[in-house]
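J.: Pasting a structure here, questions to come.
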Amino acid sequence: MSDDTMYDQQPLGPVTFAENPEPRCPCLLLLDTSGSMAGKPIAELNAGLRAFYEELQGDSLAVKRVEVALVSFGPVRVISEFNTADFFLDPTLEAEGDTPLGEAIMRGIEMVRKRKEEYRANGIFFYRPWIFLITDGSPTDEWQRAAAAVREGESSKSFAFFAVGVQNADMSVLRQITVRQPLKLQGLKFREFFQWLSNSMKSASRSNPSDRILLSPPSGWSEI
């Protein structure tokens, strides 16, 4: 893991937990930006991501409670640490490199662990974090350890992990990583996916942290 990978991230937003003590709904996005995403796929991903933040920013409660972190891989880069949606810096993701999916998952799980520690240290209630992996290919690194970490995290209810395959994604590998059935994106319907995710996050932010959160059916963007 290189130094530039470790520190290539945006600064944290200035709002402190004291200024915003609302319960937090953390959502981590692990986004495949490998070379195979070049062209229309990466353009649609960027557009969908922008719409996702705009939806959250337009909701007075979600903008205080939903925290999003972004990790791209190809190579692994922390684009944004966990921040509320009003601190979206609108990055333009670019497609390059391989698909170090295993490294990205391990980095993301560690980010979630650290953020939960920060919530607890500051007396902030929080919902079970959601981790969404979006990939269009096969891992180019060792992913079995990451798969074990995902299953351990799910078993201990540390987070909920979801996998979305795009185009030529290796769905057989995704089925070995996640305890839930991985979903396949219809074409390049990133905007529809992010609309569904923003609606889910807004709904979650209106519940109590102890409530069981059920995602709505992934209609309009996924194929079975």
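J.: Can you tell me which residues in the stretch 183-208 are under 22 Å from residue 157 (Cβ atoms) and crowded, with 17+ Cβ neighbours inside 10 Å? Walk me through it before giving the result.
T.: Here is the first cut: in the stretch 183-208, the ones under 22 Å from residue 157 (Cβ atoms) are 183, 197, 200-201, 203-208.
Answer for the stretch 183-208, where residues must be under 22 Å from residue 157 (Cβ atoms) and crowded, with 17+ Cβ neighbours inside 10 Å: 183, 197, 200, 201, 204, 205.
J.: Please tell me if residue 14 is open to solvent by 30 Å² or more (accessible area, probe 1.4 Å) and at pLDDT below 95. Can you show your working first?
T.: Values: open to solvent by 30 Å² or more (accessible area, probe 1.4 Å): yes; at pLDDT below 95: yes.
Spelling it out, residue 14 is indeed open to solvent by 30 Å² or more (accessible area, probe 1.4 Å) and at pLDDT below 95.
J.: Among the residues of the stretch 29-71, write down those that are over 18 Å from residue 199 (Cβ atoms) and either in contact with a strand residue (DSSP E or B) (Cβ under 8 Å, 6 or more places away or on another chain) or aromatic (Phe, Trp, Tyr) (or both).
T.: From the stretch 29-71, those over 18 Å from residue 199 (Cβ atoms) are 30-46, 69-71; that's our starting set.
Those that are over 18 Å from residue 199 (Cβ atoms) and either in contact with a strand residue (DSSP E or B) (Cβ under 8 Å, 6 or more places away or on another chain) or aromatic (Phe, Trp, Tyr) (or both): 30, 31, 32, 33, 34, 45, 69, 70, 71.
J.: Separate question: Run residue 122 past the list (1) surrounded by 14 or more Cβ atoms within 10 Å (Cβ to Cβ); (2) at negative phi and report the number of the one that doesn't hold.
T.: Result: residue 122 fails condition (1) only.
J.: Pick out the one residue from 112, 173 that is among the β-branched types (Val, Ile, Thr), over 30 Å from residue 18 (Cβ atoms), modelled with pLDDT of 95 or more and buried (at least 18 other Cβ atoms within 10 Å of the Cβ).
T.: Going through 112, 173 in turn, the sole match is 173.
J.: To continue, here is another question. Just wondering, is there one or more residues in the stretch 88-103 that are assigned to a loop (DSSP other than H, G, I, E, B), open to solvent by 30 Å² or more (accessible area, probe 1.4 Å), under 24 Å from residue 19 (Cβ atoms) and not charged (D, E, K, R)? Steps first, answer last, please.
T.: Start the filter on the stretch 88-103 by keeping residues that are assigned to a loop (DSSP other than H, G, I, E, B), which leaves 88-100.
Those left that are additionally open to solvent by 30 Å² or more (accessible area, probe 1.4 Å): 88-90, 92, 94-98.
After this cut, where a residue has to be under 24 Å from residue 19 (Cβ atoms) as well, the list is 88-90.
Subset that is not charged (D, E, K, R): 88-89.
Yes: one or more hits.
The values are calculated or read from the model by the stated rules, or taken from the named source; none is laboratory data. What you see is a predicted model; the values in this text were computed from it and never measured. Glycine also receives a Cβ, built like all others from the backbone with ideal geometry; neighbour counts cover every protein chain displayed. Ligands, DNA and RNA are excluded from the accessible area calculation, which covers all protein heavy atoms including side chains. Shrake-Rupley method; radii C 1.70, N 1.55, O 1.52, S 1.80 Å.
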